[in-house]
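Right, one structure below, let's go through it.
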Amino acid sequence: MNLDKLLRNNIKALKPYSSARDEFSGEAEVYLDANENPFNVPYNRYPDPMQWAVKKKIAELKNIAPEKIFLGNGSDEPIDIIFRAFCEPGVDNVVTIDPTYGMYQVAADINNVEIRKVRLNDHFDFKAHDLLSAANLYTKAIFICSPNNPTGNLLDKTEIIKLLTEFDGIVVLDEAYIDFSPENSFLGLLDNCPNLIILQTFSKAWGMAGVRLGMAFAQAEIIRVFNKIKYPYNINILSQQKALELIDNEGEKNEWVKIILYERAKMIRKLFKLPFVQIIYPSDANFILVKMNDARGIYEYLTEQKIIVRDRSKVTLCENSLRITIGSPEENKKLRKALKKLVNGSIED
């Protein structure tokens, strides 16, 4: 991969903003370099712009060098940076699957970049050939989400590897739900795939959606480009502190995942008994996609019961389908109880 060829010219020439905390690292007794208020310690100080303490913990957790890690305000920040780094507005394009995570489309629209969608097959999977055929000389990146959202399934690993070996541009693999999957992450292949960017998040398995901390893993030269583009202090001190605290509780995270997987299997068994449920698609994530009679009517009924699910009926291949996140055992039981009322409570939970 020729990174220099892929980057936008203005990004190659960009001189990043240098903050006070970039110019000095370490410990000192008196800080008079950043125009900070001397009171209200420690929140008066700017956070580490490179989040090295957090990255070192993630590096140990993921067995990857800190220099190959980028931390963003959720995964949405690195997604946006990919467009800004590689795609010339009004000229370049990206390819993705359909349906998939909607933020790829939004980021493309914001950056005035064409997005070419390749429809998944009836099994919610794809062939690398179809995505490569949709690409042209102006295609800078291919976005793949696996396990995919909203379908919930892992995509064919062999086809993803074909993309990595046959596409000359960037392949973005979004693994937001990988902790709920029986398959391993692609992180182990990162060193052999210079064009691969892997996205993961603390929002799902780690229960940190409110902290807003996303991860991008790539070769160090790509991460350096991301660091040039990002805002100087993109991860605030509170998010960094909370992440450091919660990363030490990997055992608890693993226990949460076990509970969610158990509850997912139980939810599938119970919902299959409901006469208005047509299909429950296989899931490798912390949610299920359920095709049912009158999905919109059931969604509105659940809303009246103060239970919120996601109506995905207008999404490609998801007609008459609700996406149901697996909650706590108590939340899941409330949902099933509400749905049972639609069949006169004749099904035992």
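The values are calculated or read from the model by the stated rules, or taken from the named source; none is laboratory data. In this text the structure is predicted, and so the values were computed from the model without any measurement. Cβ placement follows ideal geometry from the backbone for every residue including glycine, while neighbour counts extend to all protein chains displayed.
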Any chance the range 321-328 includes a residue that's of a type in the set (D, E, K, R) and either surrounded by 17 or more Cβ atoms within 10 Å (Cβ to Cβ) or assigned by TED's automatic domain parsing to the domain that holds Asn184 (or both)? yes
For the range 296-320, how many residues are closer than 15 Å to Pro99 by Cβ and either free of Cβ contacts under 8 Å to residues at least 40 places away in the same chain or in contact with an Asp or Glu (Cβ under 7 Å, 6 or more places away or on another chain) (or both)? 5
Any residue in the range 166-186 that is out of contact with any helix residue (DSSP H, G or I) (no Cβ under 9 Å at 6 or more places or on another chain) and without any contact (Cβ under 8 Å) to a residue 40 or more places away in the chain? no
Would you mind telling me which numbered condition in (1) of a type outside the set (Asp, Glu); (2) farther than 14 Å from Thr100 by Cα; (3) without any contact (Cβ under 8 Å) to a residue 24 or more places away in the chain Met292 fails? (3)
Looking at Leu163, Leu154, can you tell me which residue is touching a residue at least 12 places away in the same chain (Cβ under 8 Å), assigned to a loop (DSSP other than H, G, I, E, B) and buried (at least 17 other Cβ atoms within 10 Å of the Cβ)? Leu154
Lone qualifier among Ala107, Ala128, Ala134 - being closer than 28 Å to Asp284 by Cα and either surrounded by fewer than 19 Cβ atoms within 10 Å (Cβ to Cβ) or not assigned by TED's automatic domain parsing to the domain that holds Phe226 (or both): Ala134
When you look at Pro232, is it modelled with pLDDT under 95 and either of a type in the set (D, E, K, R) or in the same structural domain as Asn63 (by TED's automatic domain parsing) (or both), yes or no? yes
Hits in the range 202-221 - residues which are more than 16 Å from Glu60 (Cα to Cα) and not in a loop (DSSP other than H, G, I, E, B): Ala209, Gly210, Val211, Gly214, Ala220, Glu221
So which residues in the range 53-65 are in a loop (DSSP other than H, G, I, E, B) and either at pLDDT below 95 or surrounded by 14 or more Cβ atoms within 10 Å (Cβ to Cβ) (or both), if there are any at all? Ile64, Ala65
Count of residues meeting criterion [crowded, with 19+ Cβ neighbours inside 10 Å, of a type in the set (A, V, I, L, M) and touching a residue at least 40 places away in the same chain (Cβ under 8 Å)] in the range 189-220: 8
Would you say Asp80 is in contact (Cβ under 8 Å) with a residue 24 or more places away in the chain, in a loop (DSSP other than H, G, I, E, B) and assigned by TED's automatic domain parsing to the domain that holds Lys162? no
For Val113, state whether it is over 26 Å from Gln219 (Cβ atoms) and without any contact (Cβ under 8 Å) to a residue 40 or more places away in the chain. no
Complete set of residues in the range 27-76 that are under 21 Å from Ala243 (Cα atoms) and of a type in the set (Gly, Ala, Ser): Ala53, Ala59, Ala65, Gly72, Gly74, Ser75
Taking helices (runs of 4 or more DSSP H) that do not extend beyond the range 1-52, which have at least 1 residues that are in contact with a Cys (Cβ under 7 Å, 6 or more places away or on another chain) and in the same structural domain as Leu196 (by TED's automatic domain parsing)? none
Only one of (1) outside any strand (DSSP E or B); (2) surrounded by fewer than 23 Cβ atoms within 10 Å (Cβ to Cβ); (3) not aromatic (Phe, Trp, Tyr) is not met by Arg116, so which one is it? (1)
